[in-house]
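Report on one structure; see the data block that follows.
The values are calculated or read from the model by the stated rules, or taken from the named source; none is laboratory data. Remember, predicted model here, so these are calculated numbers, not experimental data. Here the Cβ is made from the backbone with ideal geometry for all residues, glycine too, and neighbour counts use every protein chain on show. Heavy atoms of the whole protein, side chains included, go into the accessibility calculation; ligands, DNA and RNA do not. Shrake-Rupley method; radii C 1.70, N 1.55, O 1.52, S 1.80 Å.
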Amino acid sequence: MSLVLTLIALLVSLLLFAARRRHGYWQRRGIPHDVPHPVYGNIKDWPKKRHIGKIFRDYYLKYKSSDYPFAGFYFFFSRTAVITDLELVKRVMIKDFNHFENRGIFYNEIDDPLSASLFSIEGQKWRHLRHKLTPTFTSGKMKNMFPIIVKVGEEMDSIFSAKTTAGQGQILEVVDLVARYTSDVIGNCAFGLNCNSLQDPKAEFVSMGKKAIIERRYGGLLDFLIFGFPKLARRLRLKVNVQEVEDFYTGIVRSTIDHRLKTKEKRNDFMDSLIEMYQKEQAGNTEDGLSFNEILAQAFIFFLAGFETSSTTMGFALYELALNQDIQDQLRAEINEVLAKHNNEFTYEGLKEMKYVEQVIMETLRKYPVLAHLTRMTQTDFSPEDPKQFIAKGTVVVVPALGIHYDPEIYPEPEKFKPERFTDEAIAARPSCTWLPFGDGPRNCIGLRFGLLQSCVGLAYLIRGYKFTVCPETQIPIKMVVKNVLLSAENGIHLTVEKLSK
Ligand code: HEM
């Protein structure tokens, strides 16, 4: 018995020693940092008190004037470098990308095929897949998909029309409505399905999408392992996606592929491009082809990344426009003017002329970058000429996008909503890597063009037809859900919506 107790005491002491040593890393290197909590490191406020993006924003603002280009941080026990200098951001994201190719997050392609998407896989596999998928997102492909987006935009317009009256305001929660629009757009483009979420609020497609984002396998109990020790979690054969979600999406992708192969139907969407690659693989061309599981994971990430990010962006844009009526009026004037030139129809060329719509979306994404911090993991020691920039192999690197977006030296009066920050001249006058809602460099968002396109079309439809104002139910300032990694409004966004006569 006493031997067992001695062994336990020894083990606990060893663990404590290892933990303290880990938490002493930045001090030994002389890098500025906050004193870590013995268990949570510097992440103690998350997920209950502060949003993770805001923790990194505050850290950036606190340490950006230090003599070092980054500050030390502990994500539980993982040593993390929070970059505070724009030159180093540029090196990590673009110039020295070969040192920082991976995100170092969990995936498990064998037991949890949905998790092995472009977002999480690493090394040669990622490089190969990114290369294969890039042609899926060219501007030619976007143009082909444009009619699908416009068709769903029109459906959203008719839903708003049915819920509102001319000359009389109606209070609506707008995030849910626009999420049904983006869900239908991406459902059509990634899965080739008319998922009908606009007509039927309970449509399975949206509810499964929400489940995929909110619900956690093991009820969140093993998140500590999945987030903190992704490699160990993979060895333990853990999964992130709940079974119901996995079964639902596997079934959809399987039946879509079967249907298209049988009927030879072409829809010019993401699924067509993925099926072309599947056929190559089936014909023995593994170099250019994709297996069923690989297609499944990509279709799934296109859906998740494409529906949630763009709908929250549109929701935040409507909120800011309701608070800034002059900007809303100017936007509506531009939309009507361009539409008048194009026979009152939404065309791809017309949309490109709506510069102010794009500026409004860009300023929205500055204030509310949906993924508010970007991560990379060092593969090898990063030892540039300046020893202060040294980052050891295995360190997680965080680029605090939200911090950079709220730096008053880059964006004066950062709390103010000013789309004129995004005229061509104003953009050219700022250093690079100062607008990061889609990340930057070779591992930036592959769906950037598509995300902007569907957000701009949706916003143009809404601002053309309706006036948005704040009401007593509008939460000002907006409160964010603190526990989610992506930014989202706590109780949705309630606004008064009034139909305008056409
Ligand atoms: C407003 C809309 C969107 C926003 C704000 C957004 C944001 C982001 C961000 C911040 C990243 C990480 C970039 C980095 O680490 O440098 C990312 C990656 C990614 N996004 Fe998006 N995204 C949007 C729309 C989309 C859409 C529509 C798709 C697909 C149809 C998509 C698919 C992806 C994928 C696959 C990655 C991983 C890329 C890689 O690791 O190679 N996103 N996105």
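Quick check on segment 312-319. Is at least one of its residues assigned to a loop (DSSP other than H, G, I, E, B) and at pLDDT 95 or above? Among the residues of segment 312-319, not one is assigned to a loop (DSSP other than H, G, I, E, B) and at pLDDT 95 or above, which makes the answer no.
In the set Phe97, Phe70, only one residue is in contact with a strand residue (DSSP E or B) (Cβ under 7 Å, 6 or more places away or on another chain) and open to solvent by less than 40 Å² (accessible area, probe 1.4 Å); that residue is Phe70.
Quick check on my filter: what residues within segment 193-204 are open to solvent by less than 70 Å² (accessible area, probe 1.4 Å) and acidic (Asp, Glu)? If the condition is that a residue be open to solvent by less than 70 Å² (accessible area, probe 1.4 Å) and acidic (Asp, Glu), then Asp200 is the only one that fits. Against the condition polar (S, T, N, Q) and within 21 Å of Ile149 (Cα to Cα), how does Gln328 come out, does it pass? No; evaluated as a whole, the condition is false for this residue. In segment 115-150, what residues are free of Cβ contacts under 8 Å to residues at least 24 places away in the same chain, of a type outside the set (Gly, Ala, Ser) and closer than 19 Å to Ala233 by Cβ? Selection gives Ile121, Glu122, Lys125. Just name the residue that is surrounded by the fewest Cβ atoms within 10 Å (Cβ to Cβ) out of those in segment 309-334 that are away from the ligand (no atom under 13 Å from the Cβ) and of a type in the set (A, V, I, L, M, F, W, C). Once the filter is applied, the top-ranked residue is Ala333. When Phe382 is tested against (1) in contact (Cβ under 8 Å) with a residue 60 or more places away in the chain; (2) buried (at least 16 other Cβ atoms within 10 Å of the Cβ); (3) within 16 Å of the ligand (Cβ to nearest atom), only condition (3) is not met. For segment 17-24, the criterion of being part of a helix (DSSP H, G or I), more than 23 Å from Val481 (Cα to Cα) and open to solvent by less than 40 Å² (accessible area, probe 1.4 Å) is met by at least one residue.
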